[in-house]
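Working notes, beginning with the structure itself.
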Amino acid sequence: MNNLASQEQIIATAILIVIYMAVVLWLVIRGARKTTNIGEYALGTIGFSPVAVGLALAASMTSAATFIINPGFIALYGFSGFLSFGIVMPIAIYFSLIVITKGFRKYGSSVKALTMAQWIGKMFNSQRYAIFFAFLSLLLITFIVLICVGITQVLSNALNADPFWVLLAVVVFVFGYMMFGGANSLVYTNAIQASIMLVVAIVLLSSGLEYFEGGVDGFIAKLASIDPALVKPTNPDSLLFRDYFEIIFCQLVIGVAIVCQPHIMTKSLLLKKDEDVNKYLVVSIIALTFFFLVVFVGLYVRVYFPDLKVGGQVLPMDSLVSAYVVSKFSVYVSLIVIIGLISAGLSTLEGLIQSISSTITADLLDPLLGKELKLDIDSNQILTNKIVIVLLAAISFGLSYQQLVSPNLSVGIFAQNGVYAYFSAAFVPVIFGTFLKKTSLKAVSIASVTAIVVHFSVYYGKFMPYMKEEVNNPAIAATMAILISVVVGGIIHQLEFSKANNKEALNVH
């Protein structure tokens, strides 16, 4: 490990983290007092303002991936990565958020769905389908792993501490307080975290202004002198940004589908009035724009560490941003940035723990073991949810440590593979359920299974020319999965619709 932090930085960081932990615990205790059952844990009891919920959405959508992990890809591969992660994907996400949110909220609030699996199960009147999605939600543990790794990289660099103990402390603390707070504390902590993240986004984006003393051309020349491929719109030597199919087409598909995740979709259900939706969307999109631009910092990192080394040692991709922050900024500025990076991670981590644990408790254990566990009693629901969180913590710790010790290029690839598989399966039921009338269960369920099979077959079977490398791009597998599942679901929907119409016609005659 590279000891980049000074003694002053270590002491100041430790003090700040203790204060940060105290504030979070105060908010959690405050929220926990109002949480008496699993419904309140999942959706809260408080009438949240659209500004708070909008900030919470922006915070939970961007996370450690945007602030800590993805800039590393841009540091390695240059403009092609920024075009993909910083421009194309955000545009697709905004479009999807605006189009899907209103329809999802309208049905979600009318059926009182607590989780994504419940929404899908009630939309298509099938408990089996809900249980299937509850199982699929376990794929989102890969995203928990990414965030745990990202936060650990930042803190271990800032404290010159052994990553094993830092990771253990992060997992125990965050999973520990999420056993109690749920949505009531989540929106408060997310809104505060988003506010800190906005400050940090501005600090990070302005940290490389000195590299523009010769204007934009001067900055481009600096990058080109390190590696000409860094300033080209495509990077054939990269693993994710080889051509416009990967950079634009795949990211547009992924950006539209990425919204179909439980910790994103269910945020709109926290709004108490339909009139709040527009303000909620405006606030979240403005904040998201700042957050997504942070990946540009990867280019500053490359100018600062041209050979990606410190003291002769090559920096792992996942620790590039934390190394840049600790070595580039003064003690007190680095403290603000470190807290922002931790906030970026915790905001999504909290949402994931809350949504996955709620899904396992309400949509998996209740239908399968509800009588044995007596889950019709509120206190038993809450206790079961806490046990689920403990198990999630143990699994997340084991996988996170493995990714710290031996990542396959980056924990980002590991996380994308799991998360992209999940929302590939969720895309057809969410879109068909929101926008088509009388969609059959057969059409959406076959489409979901198709998406999972295609995603993992393309990724691990290496069927396409793009997928022949040691490390492959999960976005290609997910794009194929989404497109094929839409075609399969669409054909079955049309056949079922025609069959129903023919029956009606025969009955009339």
(request) Averaged over every viewing direction, what's the projected area of the C-alpha convex hull for region 294-391? Give it in nm², one decimal, please. (result) 9.3 nm²
(message) What Kirkwood Rh does region 168-305 have if only Cα atoms enter the pairwise 1/r average? Answer in Å.
(response) 18.7 Å
(request) Determine by what factor the alpha-carbon radius of gyration of region 440-509 differs from 2.2 N^0.38 Å, reporting the quotient. (result) 1.54
(message) Would region 267-332 count as rounded, prolate or oblate if I go by the C-alpha gyration tensor, calling it rounded below 1.5 in a/c and otherwise prolate when a/b exceeds b/c, oblate otherwise?
(response) prolate
(message) Just to confirm my numbers, what's the Cα centroid distance between region 355-374 and region 437-452 in Å?
(response) 24 Å
(request) Please work out the FRET efficiency for the pair Ser406 and Gln494, using the Cβ-Cβ distance as r and a Förster radius of 56 Å; give the result to the nearest 0.05. (result) 0.75
(message) Give me, ordered by chain and number, the residues 5 or more places off Val310 or on other chains with an amide H under 5 Å from its own placed amide H.
(response) Leu315
(request) Pick out the long, greasy-scoring helices in the chain: whole DSSP H runs spanning 18 Å or more along their own axis by Cα, mean Kyte-Doolittle at least 1.6. (result) 7-32, 141-159, 163-178, 183-206, 277-293
(request) Take Ile19, Ile220 and order them by how many other Cβ atoms sit within 10 Å, fewest up front. (result) Ile19, Ile220
(request) Would you work out which of Ala14, Gly176, Ile356 lies farthest towards the positive end of the dipole of the chain? Charges go on Cβ: Lys and Arg +1, Asp and Glu -1. (result) Ile356
(request) Note down the relative contact order for the chain as a percent, whole number, built from C-alpha pairs under 8 angstrom at least six residues apart. (result) 30 percent
(request) May I ask you to order 70-80, 228-238 by the average number of other C-beta atoms within 10 Å around their residues, highest value first? (result) 70-80, 228-238
(message) Projecting each Cα onto the charge dipole of the chain (Lys/Arg +1, Asp/Glu -1 at the beta carbon, about the Cα centre), which of Ala134, Tyr420, Leu368 comes out farthest on the positive side?
(response) Leu368
(request) Could you state the orientation-averaged shadow area of the convex hull built on the Cα atoms of region 361-509, in nm² to one decimal? (result) 13.1 nm²
(request) Using +1 at the Cβ of each Lys and Arg and -1 at the Cβ of each Asp and Glu in the chain, identify which of Ala229, Phe296, Ser268 lies farthest towards the dipole's positive end. (result) Ser268
(message) Give me Rg/Rg_expected for region 120-221, where Rg uses Cα atoms only and Rg_expected = 2.2 N^0.38 Å with N residues.
(response) 1.61
(message) Cross-link candidates for Lys374: which lysines have Cα within less than 21 Å, leaving aside residues fewer than 8 places away along the same chain?
(response) Lys386
(request) Over the residues of region 350-422, compute the C-alpha Rg and express it relative to 2.2 N^0.38 Å. (result) 1.35
(request) With only Lys, Arg, Asp and Glu charged, each at its Cβ (+1 for the first two, -1 for the last two), find how big the charge dipole of the chain is about the Cα centre; round to the nearest 20 debye. (result) 1400 debye
(message) Just want the ordering: Phe180, Phe212, from fewest to most Cβ atoms lying within 10 Å of their own Cβ.
(response) Phe212, Phe180
(request) Give me Rg over Rh for the chain, both radii from the alpha carbons and Rh done the Kirkwood way, two decimal places. (result) 0.98
(request) Based on other C-beta atoms within 10 Å, arrange Leu204, Leu239, Leu436 from fewest to most. (result) Leu436, Leu239, Leu204
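Every number in this text was worked out from the coordinates using simple rules, so none of it is lab data. Everything numeric here is computed off the predicted structure, so don't read it as measured data. In this analysis, Cβ positions are derived from the backbone assuming ideal geometry, glycine residues included, and neighbour counts consider all displayed protein chains.
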